[in-house]
1. Would you point out which residue out of B:ILE348, B:ILE344 is of a type in the set (A, V, I, L, M) and modelled with pLDDT of 85 or more?
2. Tell me which of these B:PHE198 doesn't satisfy, since it passes every other one: (1) in a loop (DSSP other than H, G, I, E, B); (2) at pLDDT 90 or above; (3) closer than 25 Å to B:ARG12 by Cα.
3. Please go through region B:174-192 and pick out each residue that is β-branched (Val, Ile, Thr) and either open to solvent by 50 Å² or more (accessible area, probe 1.4 Å) or more than 7 Å from chain A (Cβ to nearest Cβ) (or both).
4. With the checklist (1) farther than 25 Å from A:LYS349 by Cβ; (2) out of contact with any Pro (no Cβ under 7 Å at 6 or more places or on another chain); (3) more than 14 Å from chain B (Cβ to nearest Cβ) in hand, flag the one item A:GLU314 doesn't pass.
5. Looking only at region A:3-16, count how many residues are open to solvent by 10 Å² or more (accessible area, probe 1.4 Å) and either in a helix (DSSP H, G or I) or within 14 Å of another protein chain (Cβ to nearest Cβ) (or both).
6. Quick check: anything in region A:182-196 touching a residue at least 24 places away in the same chain (Cβ under 8 Å) and within 14 Å of another protein chain (Cβ to nearest Cβ)?
7. What are the residues in region A:49-66 that are in a loop (DSSP other than H, G, I, E, B) and modelled with pLDDT of 95 or more, if any?
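The values are calculated or read from the model by the stated rules, or taken from the named source; none is laboratory data. Bear in mind the structure is a predicted one, so any value in this text is a computation, not a measurement. Virtual Cβ from ideal backbone geometry, glycine too; neighbours counted across all protein chains shown. Remember, those area values only see protein heavy atoms, side chains included, never the ligands or the DNA or RNA. Shrake-Rupley method; radii C 1.70, N 1.55, O 1.52, S 1.80 Å.
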Amino acid sequence: MKALRIVLTQNKAHYRKEESITNKMTYPLPPFSTVIGALHNACKFKEYHPMDLSIQGTYSSLMKQPYTDYCFLNSIMDDRGILVKMKNNNLISVAFDKVAVAKKGMGNSFRKGITIEIKNQDLMDEYRGLKDLNDEISNFKRTRIDRLKKIFKVRKKTLLTKKKSMDKKSLGFKMVTLREKEIKRKEKQINERVKEFEYNNYTKEISKYNSLTTSLKYYEILHNVNLIIHIKTDDETLKIIKENIYNLKSIGRSEDFVDIEQCEIVELTQKFENDLEYLIGENSAYLDHERIKEEDIILKNKNGTKYFLNKDYEIVENKRVFNKKVVIYTSGYSIDDKSEGIYIDTREKENGGTENYIVNFI
Amino acid sequence: MKEIIEGEFNTRLYPSDWRWSAAIVGVSKYLKGCDLGYNQTDDYLEFNIEEITDEKYLIFTEGYFRDSMHHKKVEDLLETTWSEEDQRIEKVNEKLSKNTSTNTIMLKTFKGIEYNGQNNMDIKEIIDRNRLKLINDTFKGGRSLYYNFCNENSLLKEDRNSCRIRGYSLDMSKKGKSVSYMRDTSTFVYSDDKLFDFIPFAFSKTREAFFINNNFTLEQLIKTNSWDSHDRTEAGKNMRSNLFYRVKEGVNFIDYDVEIIYKEREKDYFETIYVREKARKVFDKINDKQLKALRKPCKIKNDFIKIEKIVTDNILNEVKLDDLIDMLLKEGNKSYLISHLIKINELIYRGVTDKQKTAYASAVQIRKALKNNPNKVRAYEQRLIRAITLKDYDGVCEILLYLSIYTQVSIEVAIDLFENFEDNKNLAYTFINTLGEKKKFKGEQK
């Protein structure tokens with residue numbers, strides 16, 4: 001059977017376990033969805049190309065790496081964190097200017113200048129000016145606009161009553177309708193002008209401000225990762241992946257760069273050659289739980305950790321719902337000539353030797 | 001993962017990740033403890049969700065964490081026979097009064113009430129009346145209890161808007177956008193369930209709490225995490241040693257390729273440990289004498305460092321102990337500990353070889369040759385320590401050459417060091433440590 005074999009290394013890598021936040025925990029090998037996503041990105045696929053993968057590999061150590069986490073709060077909070085002005089408010093990044101920093105846990109106020117350290121006085125003044133303007137706009141809306149709205153409402157009601165008592169085909173009816181339209185137009189115009197003024201002078205400017213909190217968080221990082229990935233899909237997709245393999249820059253986080261050692265279309269076999277009775281897997285791998293239960297893959301001492309790994313997904317109600325695959329992560333495994341659905345890949349090494357991989361597509 | 005099913009039981013749990021594995025262990029302990037029906041296979045656990053009620057849960061908690069429940073201690077004191085009644089009164093009041101007890105839950109419940117030796121029934125009645133609240137509040141706020149594992153505001157609450165586990169939970173109303181795709185909170189995917197309240201029952205009751213996720217079969221998972229023989233016993237205090245070093249004694253807690261979830265009380269997150277075959281082999285070869293040396297308190301300047309933890313982490317991650325040895329070499333007076341660390345380091349480097357003995361023998365010969373000039377030995381030792389800790393490997397080789405010429409003793413390991421210092425660095429450590437003045441470790445036999 002034809003498959004694509006990718007051999008790659010990563011100096012460091014992190015394959016995040018879903019939902020972990022403070023200490024982002026890692027899987028020992030990349031889940032299928034991570035590899036599939038990276039390959040699709042490298043090939044610029046816009047829709048899912050179904051594929052089965054076999055992932056095996058090693059790493060030398062697992063370490064915890066601290067980092068400063070920048071958390072932009074849902075809204076601007078006057079009493080906490082760091083007040084910042086973004087360089088580009090459409091982009092959440094570390095490109096911002098610090099305006100002021102709250103010095104205590106509670107009871108601070110950026111606007112009133114209570115227990116804060118101002119980092120940029122000009123921006124601080126701008127922020128306070130915007131907040132003052134917002135108060136003025138609110139006040140204007142509450143007093144002038146609301147009064148106008150009430151007047152319009154009364155007029156519209158009067159006109160409606162008039163219309164009810166008139167003949168629909170009469171000139172008077174037409175005049176009242178025109179008057180009604182005119183009032184509605186004016187009302188709309190006033191609303192739009194207020195909205196426009198508010199947007200241009202306040203909303204647009206204040207949206208550049210954000211509340212930021214920083215905290216110490218951690219990543220679990222795998223060092224010196226070696227991965228052997230086999231891909232089974234249609235010939236066309238295999239070809240595209242092979243052609244675009246050097247576009248594959250990272251697996252895991254965007255900074256977890258990959259170094260592609262080899263990418264080849266290979267012929268897998270199920271036959272045991274040279275009187276070989278069994279084959280032992282050299283690398284840790286994700287193995288299909290069903291195949292282990294069926295004893296197509298034999299575990300040395302029935303151990304390992306079972307994972308329900310993500311593969312492909314559907315968007316349901318704006319959320320990704322993943323198709324889960326039940327696998328065992330283990331290293332002491334082997335296959336024999338009775339094993340079904342499992343393949344052998346023999347790789348010629350540069351130093352002249354060969355290496356056999358047990359390939360279990362999931 | 002939870003599934004609603006039809007049939008004799010209406011709920012099925014799969015060990016889809018460590019959180020659900022731990023919940024399964026906790027639920028299984030609860031079902032067994034409350035003598036309720038369930039069905040357990042290799043892959044899932046089935047039970048009736050209605051049989052898990054808040055009241056039953058709290059009563060089970062009271063029994064499981066009996067030692068941490070203050071009101072249980074009062075009950076025990078009232079029920080035990082005391083030769084001196086005054087002592088009992090004193091002990092009970094310690095738990096109830098403001099002066100000595102720091103437990104606010106007990107203070108609130110027993111406000112203005114004092115034990116006088118006669119009002120046993122009154123005290124018991126107050127406990128009975130407030131039992132569930134006492135358990136709830138103690139469990140929720142206990143630093144070794146629920147608080148250690150989950151957000152305390154989530155206890156016995158239905159599905160929240162983020163996972164209730166420490167390090168997973170989040171104030172969505174303030175920080176939800178930052179963890180969502182394109183700052184759209186409707187895309188945020190999480191799993192939370194009231195059954196996660198059972199997670200504290202799956203971990204060991206030790207300061208460093210462990211959960212071994214060997215969920216290949218549920219039977220194996222539940223058996224491993226029963227912790228019966230280890231909680232609150234002498235063995236429990238050395239949970240780390242028991243987990244990793246006692247393999248050969250048949251205390252078969254872990255096997256390789258197993259994920260271990262680890263929680264320190266001082267940290268508000270969980271960590272992962274993966275045990276691999278190579279690490280397991282190294283743990284296997286560490287003997288009791290070495291283990292004893294690792295466990296001894298080690299003071300560096302004004303701090304005590306946890307040698308056992310550092311060594312365990314290094315073995316698990318195949319990281320050499322060079323940095324630790326460098327630090328101890330600079331301290332001086334740690335040669336006994338260093339000698340054991342070097343042996344363990346050698347296992348990490350390549351397994352046991354005879355080269356260590358050669359390095360040791362060369363150093364002994366040099367010490368013999370310079371026995372009338374101990375200051376010279378000390379000077380050479382210091383120069384070697386300085387060079388090796390500064391990673392000046394050429395310097396180390398040079399000093400070895402001078403030493404060999406000066407004493408007319410052949411240093412055989414020098415050849416290995418000249419060829420590849422990095423790979424043979426542990427031989428240099430052995431040589432330097434043996435060369436130094438030996439101070440006997442208390443109780444050490446010659």
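1. Values: B:ILE348 fails: modelled with pLDDT of 85 or more.
Going through B:ILE348, B:ILE344 in turn, just one is of a type in the set (A, V, I, L, M) and modelled with pLDDT of 85 or more: B:ILE344.
2. (1)
3. Narrowing region B:174-192 to residues β-branched (Val, Ile, Thr): B:179, B:185, B:187, B:189.
Matches in region B:174-192: B:VAL179, B:THR185, B:VAL189.
4. Status for A:GLU314: all satisfied but (3).
5. Qualifying residue count, region A:3-16: 2.
6. No, because not a single residue in region A:182-196 is touching a residue at least 24 places away in the same chain (Cβ under 8 Å) and within 14 Å of another protein chain (Cβ to nearest Cβ).
7. Here is the first cut: in region A:49-66, the ones in a loop (DSSP other than H, G, I, E, B) are A:49-51, A:59-60.
Passing the criteria: A:HIS49, A:PRO50, A:MET51.
Residue-wise test of (1) in contact with a His (Cβ under 9 Å, 6 or more places away or on another chain); (2) within 14 Å of another protein chain (Cβ to nearest Cβ); (3) within 27 Å of B:ALA359 (Cα to Cα).
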| site | (1), (2), (3) |
| --- | --- |
| B:THR272 | no, yes, no |
| B:ARG276 | no, yes, no |
| B:ASP288 | no, no, yes |
| B:ARG295 | no, no, yes |
| B:ILE315 | no, yes, yes |
| B:GLU318 | no, yes, yes |
| B:ASP323 | no, yes, yes |
| B:LEU328 | no, no, yes |
| B:LYS343 | no, no, yes |
